[in-house]
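Have a look at the structure below, then the notes.
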Amino acid sequence: MKAKAKAHSNIALIKYWGKRSALLNLPAVGSISLTLDSLHTITTVEFIKNLKSDYLILNKKPADERETKRVSSFLNIIRRKADLSLHAEVNSINNFPTAAGLASSASAFAALALAASSAAGLDLSPGELSVLARRGSGSAARSVFGGFVEMKMGKKDDGSDALACQIAAKDYWDLRVLIAVTSQDKKKTGSTDGMTLSKDTSPYYQNWLKTSFDDLKEMRDAIKKRDFQKLGELSEYNCLKMHALALSSRPGLLYWNAVTVEVMRHIKFLRGQGCPVYFTIDAGPQVKAICQPEDVEKIANELEHIRGVQKVIHTSLGNGAELIGDNR
Ligand code: 2P0
């Protein structure tokens with residue numbers, strides 16, 4: 001009753017911001033992402049007889065109560081499905097600093113969904129696994145798949161059609177992402193709370209929902225045609241629109257710092273010089289530069305020299321979640 005799984009993080013080109021149901025964690029909009037090879041989580045789950053409660057070790061340290069509770073609630077979903085009453089020991093390691101404001105819930109819940117469901121004896125299809133991972137974190141539903149991924153908002157109340165699917169595998173198009181880390185501070189408002197606030201208070205929320213369909217359609221088209229300019233322009237547009245929504249919440253949510261803005265400006269400047277590079281930013285201060293392999297070196301060098309940029313992480317596209325090691 002033990003299994004080990006690995007899943008990669010992802011960044012959304014068309015963002016998920018807003019829920020149509022908080023209870024089942026159903027997104028109010030679809031989203032499109034790239035799975036990232038360099039950022040991953042490896043999680044081992046073992047259901048053990050006579051264990052009094054679930055026990056979580058995060059990055060080699062016992063997790064705090066809040067984190068343990070979140071994982072335990074997620075395991076309850078699996079226990080119900082598998083008709084299992086045992087508690088589990090969960091050991092999870094990220095190969096990137098959790099506090100660095102890089103998405104960790106996506107890779108964490110995708111790896112946990114696969115490891116825990118396998119350890120519980122469930123044999124889920126990738127689609128079923130994506131539905132399960134979504135219950136832990138919306139973005140985790142996408143990390144079940146590799147390469148180019150679309151998350152469907154779904155229409156059903158039970159959430160069975162709110163799942164991700166692969167648009168294209170990573171080898172379809174060799175894109176690169178350079179992550180400019182501008183701060184290691186923990187953010188004050190997490191995504192879940194931020195989304196609720198935007199839904200409840202932003203005067204732009206309904207238009208965000210309405211315009212999401214066109215963005216998704218255009219992005220699918222850009223990927224189909226391998227049209228880098230279109231993919232990049234649309235990523236920036238959708239990213240800025242999401243941040244405008246966050247900013248227009250009450251009180252306003254500002255996820256950027258001064259260096260974030262400086263990096264955005266520099267990316268625009270490089271583009272003006274004929275270098276094809278575009279940015280996207282999640283609910284945090286790090287900037288992700290999207291580019292093509294031939295421009296990686298030049299762009300990384302430029303970003304590293306911006307004052308306040310702490311480091312630049314290079315990544316190509318990664319695979320979906322997979323079982324690793326000896327699973328019994
Ligand atoms: C995204 N984000 O599409 C967007 C863009 C952040 C900004 O998905 O509440 O941690 O756990 O479902 O998955 C982050 O949201 O939120 C996210 P929950 P999650 O990547």
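Numbers below:
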| read-out | value |
| --- | --- |
| Long-range amide H partners of TYR278 with built H, under 5 Å | ILE290 |
| Region 176-315: C-alpha pair distances exceeding 20 Å, % | 50 percent |
| Viscosity 1.567 mPa s, temperature 4 °C, Stokes-Einstein D of region 202-249 from Kirkwood C-alpha radius, µm²/s | 115 µm²/s |
| Binned Cα-Cα distances of the chain, short to long, each 20 Å bin given as a whole percent | 33, 58, 9, 0 |
| ILE77 paired with LYS60, simple spin-label distance in nm, labels 7 Å along Cα-to-beta-carbon | 3.1 nm |
| In nm, spacing of pseudo-spin labels at LEU122 and ASP214 (7 Å Cα→C-beta vector) | 3.9 nm |
| Sites ASN257 and ASN301 - FRET efficiency at Förster radius 30 Å, r taken between beta-carbons, to 0.05 | 0.85 |
| Only Lys, Arg (+1) and Asp, Glu (-1) charged, at Cβ; region 2-173 dipole about Cα centre in debye | 280 debye |
| Using a Förster distance of 51 Å, the FRET efficiency for ALA169-THR196 (Cβ separation, nearest 0.05) | 0.90 |
| HIS314 versus GLN184: modelled label distance in nm, points set 7 Å from Cα along the beta carbon direction | 2.3 nm |
| Between helix 228-247 and the chain: long-axis angle, C-alpha atoms, 0 to 90°, nearest 10 | 70 degrees |
| Computed lengthening from LYS225 to ASN207, 0.36 nm per intervening residue step minus Cα-Cα distance | 3.7 nm |
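The numbers here are math on the coordinates, done by the rules we state, and not lab data. Predicted, not measured: the structure shown is a model, and the values here were computed from it. With ideal geometry, Cβ positions are generated from the backbone for all residues, glycine too; neighbour counts draw on all protein chains shown.
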